[in-house]
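Written below as C-alpha coordinates is the structure these notes are about.
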Amino acid sequence: MINKKTERSLAAIAGGGSNAQLPSSCYTDSGYHELELNRFFENSWMAIGFASELPRTGMAKSVDVLGKPVLVTRDDQGKFHVFANICRHRGHILVEGECTNKKLLTCPYHAWSYDLKGNFVVAPFWDGTENSSPTSEEKSSMGLISIAFEIWYDIIFVNLSGKAEAFEKHIQELQIRWHQHRPPSLLNCFSQQSYSLNGNWKLVAENFLDNYHLPWIHPEIGDSIEASLGLEVENQRLSKDIIGCVHPTAGEEKNKIEKPLPCWPDDTRRHPPLSLQQDLFFIFPNTCLVMEGNYLWSMILMPTAVDQTDEKIALYVIGNQAMNHEYALSRSQLADIIYRINDQDSQVIKQLQTGRKMHAASCGIFNSRHDQLGKWFHQRISEMMSGDIGPQHKQSD
Ligand code: FES
Ligand SMILES: [Fe+2]
(Lines give C-alpha, C1' and ligand atoms only; values in the text may rest on other atoms or scores of the structure.)
(Ligands and ions follow the chains in the order given, each with its own letter.)
Protein backbone atom coordinates (compact mmCIF):
# COMPACT_ATOMS: atom_id res chain seq x y z
CA MET A 1 0.00 0.00 0.00
CA ILE A 2 1.20 3.50 -0.73
CA ASN A 3 -0.92 6.57 -0.13
CA LYS A 4 -1.30 9.43 -2.57
CA LYS A 5 0.54 11.92 -0.40
CA THR A 6 3.58 9.63 -0.13
CA GLU A 7 3.33 8.95 -3.84
CA ARG A 8 3.44 12.69 -4.61
CA SER A 9 6.48 13.18 -2.34
CA LEU A 10 8.29 10.27 -3.99
CA ALA A 11 7.58 11.59 -7.47
CA ALA A 12 8.96 15.01 -6.52
CA ILE A 13 12.16 13.55 -5.03
CA ALA A 14 12.62 11.19 -7.97
CA GLY A 15 12.46 14.18 -10.32
CA GLY A 16 15.68 15.43 -8.71
CA GLY A 17 14.55 19.04 -8.31
CA SER A 18 13.30 18.63 -4.75
CA ASN A 19 15.40 19.06 -1.62
CA ALA A 20 12.78 17.11 0.33
CA GLN A 21 13.45 13.91 2.29
CA LEU A 22 11.48 10.69 2.21
CA PRO A 23 8.26 11.02 4.25
CA SER A 24 8.04 9.38 7.68
CA SER A 25 5.59 6.81 6.32
CA CYS A 26 8.44 5.30 4.27
CA TYR A 27 10.00 4.24 7.59
CA THR A 28 6.89 3.29 9.57
CA ASP A 29 4.19 2.01 7.21
CA SER A 30 4.14 -1.79 6.91
CA GLY A 31 2.25 -1.75 3.60
CA TYR A 32 4.80 0.56 2.01
CA HIS A 33 7.57 -1.60 3.49
CA GLU A 34 6.22 -4.76 1.81
CA LEU A 35 6.17 -3.02 -1.54
CA GLU A 36 9.73 -1.83 -1.01
CA LEU A 37 10.93 -5.35 -0.19
CA ASN A 38 9.39 -6.59 -3.38
CA ARG A 39 10.81 -3.87 -5.62
CA PHE A 40 14.17 -3.36 -4.00
CA PHE A 41 15.09 -6.72 -2.58
CA GLU A 42 13.34 -9.55 -4.39
CA ASN A 43 13.82 -8.04 -7.84
CA SER A 44 17.43 -7.16 -7.29
CA TRP A 45 20.70 -8.80 -6.27
CA MET A 46 20.42 -8.82 -2.50
CA ALA A 47 23.17 -9.97 -0.18
CA ILE A 48 22.21 -12.82 2.17
CA GLY A 49 25.46 -13.86 3.84
CA PHE A 50 29.14 -14.59 3.47
CA ALA A 51 30.72 -17.56 1.71
CA SER A 52 33.15 -17.81 4.63
CA GLU A 53 30.21 -18.83 6.84
CA LEU A 54 30.55 -22.22 5.10
CA PRO A 55 34.32 -22.80 5.26
CA ARG A 56 34.23 -26.57 4.58
CA THR A 57 32.72 -29.02 2.13
CA GLY A 58 29.65 -30.89 3.35
CA MET A 59 28.13 -27.84 5.05
CA ALA A 60 24.55 -26.59 4.73
CA LYS A 61 23.07 -23.49 6.31
CA SER A 62 19.55 -22.10 6.40
CA VAL A 63 19.12 -18.35 5.97
CA ASP A 64 15.99 -16.36 6.70
CA VAL A 65 15.68 -14.00 3.74
CA LEU A 66 12.81 -11.53 4.22
CA GLY A 67 11.00 -14.26 6.14
CA LYS A 68 11.56 -16.79 3.34
CA PRO A 69 13.54 -20.00 3.95
CA VAL A 70 16.71 -20.17 1.85
CA LEU A 71 19.40 -22.85 1.95
CA VAL A 72 23.10 -22.47 1.14
CA THR A 73 25.15 -25.65 0.68
CA ARG A 74 28.75 -26.52 -0.13
CA ASP A 75 29.12 -29.79 -2.01
CA ASP A 76 31.93 -32.35 -1.84
CA GLN A 77 33.95 -30.39 -4.42
CA GLY A 78 33.63 -27.16 -2.42
CA LYS A 79 31.12 -25.65 -4.85
CA PHE A 80 28.37 -23.44 -3.44
CA HIS A 81 24.65 -23.84 -4.18
CA VAL A 82 21.59 -21.84 -3.11
CA PHE A 83 18.10 -23.35 -2.96
CA ALA A 84 14.64 -22.76 -1.60
CA ASN A 85 14.94 -24.49 1.78
CA ILE A 86 11.89 -26.67 1.24
CA CYS A 87 11.38 -30.33 0.51
CA ARG A 88 9.90 -31.16 -2.92
CA HIS A 89 7.35 -33.54 -1.36
CA ARG A 90 5.12 -31.44 0.90
CA GLY A 91 7.18 -28.31 1.42
CA HIS A 92 8.54 -29.02 4.90
CA ILE A 93 11.65 -27.02 5.84
CA LEU A 94 14.61 -29.18 4.87
CA VAL A 95 17.42 -27.80 7.04
CA GLU A 96 17.11 -25.89 10.29
CA GLY A 97 20.14 -23.91 11.42
CA GLU A 98 23.44 -25.27 10.20
CA CYS A 99 24.89 -28.72 9.62
CA THR A 100 28.36 -30.04 8.81
CA ASN A 101 29.93 -33.19 7.33
CA LYS A 102 26.84 -34.00 5.32
CA LYS A 103 26.55 -36.08 2.18
CA LEU A 104 22.76 -36.16 2.27
CA LEU A 105 20.09 -33.77 3.52
CA THR A 106 17.08 -35.72 4.76
CA CYS A 107 13.68 -34.14 5.27
CA PRO A 108 12.41 -34.76 8.82
CA TYR A 109 8.79 -35.25 7.65
CA HIS A 110 8.88 -38.38 5.40
CA ALA A 111 12.64 -38.76 4.92
CA TRP A 112 13.08 -37.82 1.28
CA SER A 113 16.80 -37.15 0.78
CA TYR A 114 18.87 -34.87 -1.44
CA ASP A 115 22.60 -34.47 -2.03
CA LEU A 116 24.33 -31.13 -1.48
CA LYS A 117 24.13 -30.34 -5.19
CA GLY A 118 20.35 -30.42 -4.76
CA ASN A 119 19.77 -33.72 -6.60
CA PHE A 120 16.97 -35.93 -5.34
CA VAL A 121 18.45 -39.20 -4.05
CA VAL A 122 15.88 -41.35 -2.32
CA ALA A 123 12.31 -41.51 -0.95
CA PRO A 124 11.70 -44.49 1.36
CA PHE A 125 9.10 -47.05 0.30
CA TRP A 126 8.43 -45.13 -2.91
CA ASP A 127 5.94 -47.67 -4.26
CA GLY A 128 5.36 -49.36 -0.90
CA THR A 129 8.26 -51.79 -1.17
CA GLU A 130 11.49 -51.34 0.68
CA ASN A 131 14.04 -50.76 -2.09
CA SER A 132 11.81 -49.12 -4.68
CA SER A 133 12.60 -45.70 -6.12
CA PRO A 134 11.31 -43.28 -8.77
CA THR A 135 12.62 -43.73 -12.32
CA SER A 136 15.71 -41.75 -13.35
CA GLU A 137 13.49 -39.49 -15.41
CA GLU A 138 11.21 -38.80 -12.42
CA LYS A 139 14.22 -38.20 -10.18
CA SER A 140 15.65 -35.61 -12.54
CA SER A 141 12.68 -33.32 -11.93
CA MET A 142 12.57 -33.87 -8.17
CA GLY A 143 15.68 -31.91 -7.14
CA LEU A 144 15.70 -28.87 -4.89
CA ILE A 145 14.63 -25.58 -6.45
CA SER A 146 17.67 -23.44 -7.29
CA ILE A 147 17.90 -19.73 -6.63
CA ALA A 148 20.10 -17.51 -8.83
CA PHE A 149 23.19 -16.45 -6.91
CA GLU A 150 26.67 -15.00 -7.28
CA ILE A 151 29.59 -14.77 -4.87
CA TRP A 152 31.58 -11.54 -5.04
CA TYR A 153 34.17 -10.44 -2.44
CA ASP A 154 32.93 -13.29 -0.21
CA ILE A 155 29.34 -11.95 -0.28
CA ILE A 156 26.57 -14.28 -1.44
CA PHE A 157 24.10 -12.32 -3.56
CA VAL A 158 20.78 -13.85 -4.62
CA ASN A 159 18.04 -12.76 -6.97
CA LEU A 160 14.81 -14.24 -5.63
CA SER A 161 12.56 -13.20 -8.52
CA GLY A 162 15.00 -14.08 -11.30
CA LYS A 163 14.20 -10.71 -12.88
CA ALA A 164 17.30 -8.71 -11.95
CA GLU A 165 19.75 -7.38 -14.54
CA ALA A 166 22.92 -9.44 -15.11
CA PHE A 167 25.03 -9.48 -11.94
CA GLU A 168 28.14 -8.38 -13.87
CA LYS A 169 26.29 -5.25 -14.95
CA HIS A 170 24.95 -4.58 -11.46
CA ILE A 171 28.42 -4.67 -9.92
CA GLN A 172 30.48 -3.53 -12.90
CA GLU A 173 31.74 -0.14 -11.67
CA LEU A 174 33.03 -1.42 -8.35
CA GLN A 175 34.50 -4.49 -10.02
CA ILE A 176 36.47 -2.24 -12.39
CA ARG A 177 37.56 -0.06 -9.49
CA TRP A 178 38.82 -2.87 -7.26
CA HIS A 179 39.64 -6.03 -9.16
CA GLN A 180 43.20 -5.15 -10.15
CA HIS A 181 44.67 -3.69 -6.96
CA ARG A 182 42.32 -5.24 -4.40
CA PRO A 183 41.66 -8.79 -5.60
CA PRO A 184 39.17 -10.75 -3.47
CA SER A 185 41.41 -13.84 -3.58
CA LEU A 186 43.69 -12.16 -0.99
CA LEU A 187 40.94 -11.56 1.57
CA ASN A 188 40.91 -13.56 4.77
CA CYS A 189 37.85 -13.29 6.98
CA PHE A 190 38.90 -13.10 10.64
CA SER A 191 35.76 -11.97 12.44
CA GLN A 192 31.98 -12.02 12.02
CA GLN A 193 29.23 -10.53 14.15
CA SER A 194 25.44 -10.19 13.96
CA TYR A 195 23.25 -7.42 15.32
CA SER A 196 19.55 -6.70 15.62
CA LEU A 197 18.89 -3.01 15.08
CA ASN A 198 15.75 -1.13 16.10
CA GLY A 199 15.29 0.78 12.89
CA ASN A 200 14.15 0.62 9.29
CA TRP A 201 16.82 -0.70 6.90
CA LYS A 202 17.02 2.65 5.11
CA LEU A 203 18.07 4.42 8.30
CA VAL A 204 20.94 1.95 8.69
CA ALA A 205 22.01 2.56 5.09
CA GLU A 206 21.62 6.34 5.37
CA ASN A 207 23.66 6.40 8.57
CA PHE A 208 26.35 4.34 6.85
CA LEU A 209 26.51 6.99 4.11
CA ASP A 210 26.59 9.90 6.58
CA ASN A 211 30.04 11.40 7.24
CA TYR A 212 28.61 14.42 9.05
CA HIS A 213 27.91 12.50 12.30
CA LEU A 214 31.42 11.12 12.78
CA PRO A 215 32.89 13.76 15.18
CA TRP A 216 29.90 13.63 17.51
CA ILE A 217 28.96 9.97 17.56
CA HIS A 218 32.46 8.50 17.07
CA PRO A 219 34.77 11.14 18.63
CA GLU A 220 37.62 8.65 18.92
CA ILE A 221 37.99 8.28 15.14
CA GLY A 222 39.71 11.52 14.14
CA ASP A 223 42.29 13.79 15.72
CA SER A 224 40.13 16.86 15.03
CA ILE A 225 36.56 17.64 14.05
CA GLU A 226 37.74 18.66 10.59
CA ALA A 227 39.68 15.42 10.16
CA SER A 228 36.86 13.15 11.21
CA LEU A 229 34.31 15.12 9.22
CA GLY A 230 36.34 14.10 6.22
CA LEU A 231 36.12 17.46 4.50
CA GLU A 232 38.23 16.14 1.66
CA VAL A 233 35.81 13.32 0.99
CA GLU A 234 34.77 12.95 -2.61
CA ASN A 235 31.22 11.69 -3.11
CA GLN A 236 30.75 9.27 -5.97
CA ARG A 237 27.72 7.87 -7.75
CA LEU A 238 29.37 5.00 -9.61
CA SER A 239 26.06 3.76 -11.03
CA LYS A 240 22.37 3.88 -10.22
CA ASP A 241 22.95 1.12 -7.65
CA ILE A 242 26.37 2.03 -6.23
CA ILE A 243 26.93 5.24 -4.28
CA GLY A 244 29.56 6.19 -1.74
CA CYS A 245 32.64 8.27 -1.17
CA VAL A 246 36.41 8.19 -1.28
CA HIS A 247 38.45 9.58 1.56
CA PRO A 248 42.05 10.07 0.34
CA THR A 249 43.70 9.95 3.76
CA ALA A 250 41.31 8.11 6.09
CA GLY A 251 43.96 5.58 7.09
CA GLU A 252 46.24 8.32 8.43
CA GLU A 253 44.02 9.30 11.32
CA LYS A 254 42.27 6.01 11.84
CA ASN A 255 45.17 3.67 12.25
CA LYS A 256 45.23 3.40 16.02
CA ILE A 257 46.58 -0.11 15.76
CA GLU A 258 50.04 -0.59 17.27
CA LYS A 259 51.38 -3.00 14.65
CA PRO A 260 49.82 -2.05 11.30
CA LEU A 261 48.36 -4.92 9.33
CA PRO A 262 49.87 -5.81 5.92
CA CYS A 263 48.58 -3.79 2.96
CA TRP A 264 47.56 -4.77 -0.55
CA PRO A 265 50.69 -6.01 -2.39
CA ASP A 266 51.44 -3.24 -4.87
CA ASP A 267 50.45 -0.48 -2.50
CA THR A 268 53.80 1.24 -2.00
CA ARG A 269 54.18 1.95 -5.73
CA ARG A 270 51.09 4.17 -5.75
CA HIS A 271 50.74 7.86 -4.90
CA PRO A 272 49.03 8.49 -2.61
CA PRO A 273 49.35 4.95 -1.29
CA LEU A 274 46.18 2.89 -1.13
CA SER A 275 46.92 2.24 2.54
CA LEU A 276 45.66 5.72 3.34
CA GLN A 277 42.65 5.73 1.06
CA GLN A 278 39.22 4.66 2.19
CA ASP A 279 36.53 3.61 -0.29
CA LEU A 280 33.10 3.54 1.32
CA PHE A 281 30.33 2.24 -0.94
CA PHE A 282 26.73 1.15 -0.62
CA ILE A 283 25.40 -1.31 -3.18
CA PHE A 284 21.61 -1.23 -3.43
CA PRO A 285 19.69 -2.77 -1.87
CA ASN A 286 21.59 -3.96 1.20
CA THR A 287 25.39 -4.10 1.07
CA CYS A 288 27.77 -1.72 2.85
CA LEU A 289 31.51 -1.90 2.15
CA VAL A 290 34.46 -0.05 3.65
CA MET A 291 37.67 -0.87 1.79
CA GLU A 292 40.93 0.37 3.24
CA GLY A 293 44.58 -0.29 2.48
CA ASN A 294 44.82 -3.16 4.92
CA TYR A 295 41.30 -4.42 5.60
CA LEU A 296 37.76 -4.77 4.29
CA TRP A 297 34.66 -4.26 6.42
CA SER A 298 31.46 -5.67 4.89
CA MET A 299 27.93 -5.31 6.25
CA ILE A 300 24.72 -6.89 5.04
CA LEU A 301 21.37 -5.37 6.03
CA MET A 302 18.39 -7.70 6.25
CA PRO A 303 15.01 -6.08 7.00
CA THR A 304 12.94 -8.18 9.41
CA ALA A 305 10.10 -5.65 9.92
CA VAL A 306 9.41 -2.05 8.93
CA ASP A 307 11.24 -0.91 12.09
CA GLN A 308 13.74 -3.78 12.54
CA THR A 309 16.89 -4.73 10.66
CA ASP A 310 19.32 -7.57 11.15
CA GLU A 311 22.89 -6.75 10.31
CA LYS A 312 25.71 -9.17 9.56
CA ILE A 313 29.29 -7.91 9.64
CA ALA A 314 32.40 -9.61 8.29
CA LEU A 315 35.94 -8.28 8.66
CA TYR A 316 38.86 -9.24 6.41
CA VAL A 317 42.60 -8.75 6.37
CA ILE A 318 44.82 -8.89 3.30
CA GLY A 319 46.93 -11.97 2.54
CA ASN A 320 47.91 -14.95 4.64
CA GLN A 321 50.62 -13.22 6.66
CA ALA A 322 47.97 -11.00 8.27
CA MET A 323 46.36 -14.14 9.70
CA ASN A 324 49.56 -15.15 11.53
CA HIS A 325 49.86 -15.02 15.30
CA GLU A 326 52.11 -11.95 15.14
CA TYR A 327 49.07 -9.94 13.97
CA ALA A 328 46.55 -11.41 16.44
CA LEU A 329 46.53 -8.27 18.59
CA SER A 330 46.23 -6.00 15.53
CA ARG A 331 43.23 -7.97 14.25
CA SER A 332 41.55 -7.84 17.61
CA GLN A 333 42.21 -4.08 17.97
CA LEU A 334 40.75 -3.49 14.52
CA ALA A 335 37.65 -5.57 15.35
CA ASP A 336 37.22 -3.67 18.65
CA ILE A 337 37.29 -0.31 16.86
CA ILE A 338 34.76 -1.39 14.23
CA TYR A 339 32.34 -3.09 16.63
CA ARG A 340 32.49 -0.09 18.98
CA ILE A 341 31.59 2.19 16.06
CA ASN A 342 28.73 -0.14 15.22
CA ASP A 343 27.41 -0.11 18.80
CA GLN A 344 27.44 3.68 18.76
CA ASP A 345 25.55 3.69 15.46
CA SER A 346 22.93 1.23 16.71
CA GLN A 347 21.87 3.82 19.32
CA VAL A 348 21.59 6.47 16.62
CA ILE A 349 19.41 4.23 14.47
CA LYS A 350 17.01 3.61 17.33
CA GLN A 351 16.67 7.37 17.91
CA LEU A 352 16.15 8.04 14.20
CA GLN A 353 13.40 5.40 14.05
CA THR A 354 11.62 6.83 17.11
CA GLY A 355 11.80 10.27 15.52
CA ARG A 356 9.94 8.95 12.48
CA LYS A 357 6.86 8.43 14.65
CA MET A 358 6.36 12.19 14.43
CA HIS A 359 4.86 13.16 11.12
CA ALA A 360 7.04 16.30 11.33
CA ALA A 361 10.08 14.11 10.52
CA SER A 362 8.77 14.22 6.94
CA CYS A 363 10.04 17.81 6.78
CA GLY A 364 13.75 17.06 7.37
CA ILE A 365 16.22 19.55 5.90
CA PHE A 366 19.24 18.30 3.96
CA ASN A 367 22.49 20.21 4.42
CA SER A 368 23.83 20.81 0.93
CA ARG A 369 27.49 20.64 2.09
CA HIS A 370 27.24 17.31 3.91
CA ASP A 371 24.16 15.35 2.82
CA GLN A 372 24.76 14.66 -0.86
CA LEU A 373 24.91 10.88 -0.35
CA GLY A 374 21.66 10.95 1.66
CA LYS A 375 20.05 12.91 -1.16
CA TRP A 376 21.18 10.41 -3.77
CA PHE A 377 19.94 7.58 -1.59
CA HIS A 378 16.48 9.16 -1.24
CA GLN A 379 16.41 9.84 -4.95
CA ARG A 380 17.13 6.20 -5.83
CA ILE A 381 14.44 4.96 -3.43
CA SER A 382 11.97 7.43 -4.89
CA GLU A 383 12.76 6.42 -8.48
CA MET A 384 12.06 2.80 -7.63
CA MET A 385 8.92 3.49 -5.63
CA SER A 386 7.20 6.24 -7.58
CA GLY A 387 5.36 5.76 -10.87
CA ASP A 388 4.16 2.48 -12.24
CA ILE A 389 2.34 1.76 -8.99
CA GLY A 390 -0.59 -0.40 -9.98
CA PRO A 391 -4.14 0.45 -8.89
CA GLN A 392 -4.12 -2.50 -6.49
CA HIS A 393 -1.48 -0.69 -4.43
CA LYS A 394 -3.18 2.70 -4.41
CA GLN A 395 -5.33 4.11 -1.68
CA SER A 396 -6.52 7.61 -1.03
CA ASP A 397 -5.26 9.68 1.88
S1 FES B 1 7.67 -33.12 3.16
FE2 FES B 1 9.69 -33.79 3.01
S3 FES B 1 9.54 -35.89 2.84
FE4 FES B 1 7.50 -35.27 2.96
FE1 LIG C 1 28.52 5.96 12.47
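The values are calculated or read from the model by the stated rules, or taken from the named source; none is laboratory data. Because the structure is predicted, anything quoted here is derived from the model rather than measured. Every residue, glycine as well, gets a Cβ built from its backbone with ideal geometry; the counts of neighbours run over all protein chains shown.
Just to be sure before I move on: is residue 349 within 15 Å of ligand 2 (Cβ to nearest atom), touching a Leu at 6+ places or on another chain (Cβ under 7 Å) and either aliphatic (A, V, I, L, M) or assigned by TED's automatic domain parsing to the domain that holds residue 215 (or both) in the structure I sent? For residue 349, the condition - within 15 Å of ligand 2 (Cβ to nearest atom), touching a Leu at 6+ places or on another chain (Cβ under 7 Å) and either aliphatic (A, V, I, L, M) or assigned by TED's automatic domain parsing to the domain that holds residue 215 (or both) - is met. Answer yes or no: is there a residue in the range 60-68 that is surrounded by 13 or more Cβ atoms within 10 Å (Cβ to Cβ) and within 16 Å of ligand 1 (Cβ to nearest atom). Yes - at least one qualifying residue is present in the range 60-68.
In the range 163-182 there is no residue that is in a helix (DSSP H, G or I) and within 16 Å of ligand 2 (Cβ to nearest atom).
Of the helices (runs of 4 or more DSSP H) lying entirely inside the range 1-105, those containing at least 3 residues that are of a type in the set (A, V, I, L, M, F, W, C) are 4-14.
Candidates in the range 230-254 are the residues that are surrounded by fewer than 19 Cβ atoms within 10 Å (Cβ to Cβ) and at pLDDT below 75; of these, the one that is farthest from residue 332 (Cα to Cα) is 231.
Among residues of the range 191-210 being part of a loop (DSSP other than H, G, I, E, B) and under 13 Å from residue 282 (Cβ atoms), the one that is farthest from ligand 1 (Cβ to nearest atom) is 210. Only one of the listed residues (158, 95) is assigned by TED's automatic domain parsing to the domain that holds residue 60, crowded, with 19+ Cβ neighbours inside 10 Å and under 30 Å from residue 284 (Cα atoms). That residue is 95.
Kindly indicate whether any position in the range 37-51 is at pLDDT 95 or above, farther than 29 Å from residue 186 by Cβ and basic (Lys, Arg). Checking the range 37-51: not a single residue is at pLDDT 95 or above, farther than 29 Å from residue 186 by Cβ and basic (Lys, Arg).
Per-residue answers, yes or no, for (1) surrounded by fewer than 20 Cβ atoms within 10 Å (Cβ to Cβ); (2) among the aromatic types (Phe, Trp, Tyr); (3) at pLDDT below 95:
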site	(1), (2), (3)
333	yes, no, yes
343	yes, no, no
353	no, no, no
361	yes, no, yes
386	yes, no, yes
397	yes, no, yes
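Within the range 279-324, the residues that satisfy the criterion of being more than 28 Å from residue 24 (Cα to Cα), surrounded by fewer than 20 Cβ atoms within 10 Å (Cβ to Cβ) and not aliphatic (A, V, I, L, M) are 319, 320, 321, 324. Just one of the listed residues (153, 195) is at positive phi and among the aromatic types (Phe, Trp, Tyr), and it is 153.
The requirement of being assigned to a strand (DSSP E or B), away from ligand 2 (no atom under 16 Å from the Cβ) and in contact with a Ser or Thr (Cβ under 6 Å, 6 or more places away or on another chain) is fulfilled somewhere in the range 120-139, by at least one residue.
The set of residues from the range 101-121 being within 17 Å of residue 134 (Cβ to Cβ), surrounded by fewer than 20 Cβ atoms within 10 Å (Cβ to Cβ) and either under 31 Å from the mean Cα position of the chain (by Cα) or not assigned by TED's automatic domain parsing to the domain that holds residue 76 (or both) comprises 104, 106, 115, 118, 119. Regarding residue 317, is this residue assigned to a strand (DSSP E or B) and free of Cβ contacts under 8 Å to residues at least 40 places away in the same chain? So residue 317 fails the test. Would you check which residues across the range 119-147 are among the hydrophobic types (A, V, I, L, M, F, W, C) and either under 22 Å from residue 73 (Cβ atoms) or in contact (Cβ under 8 Å) with a residue 60 or more places away in the chain (or both) and list them? Listed by number, the residues that qualify are 120, 121, 122, 123, 142, 144, 145, 147.
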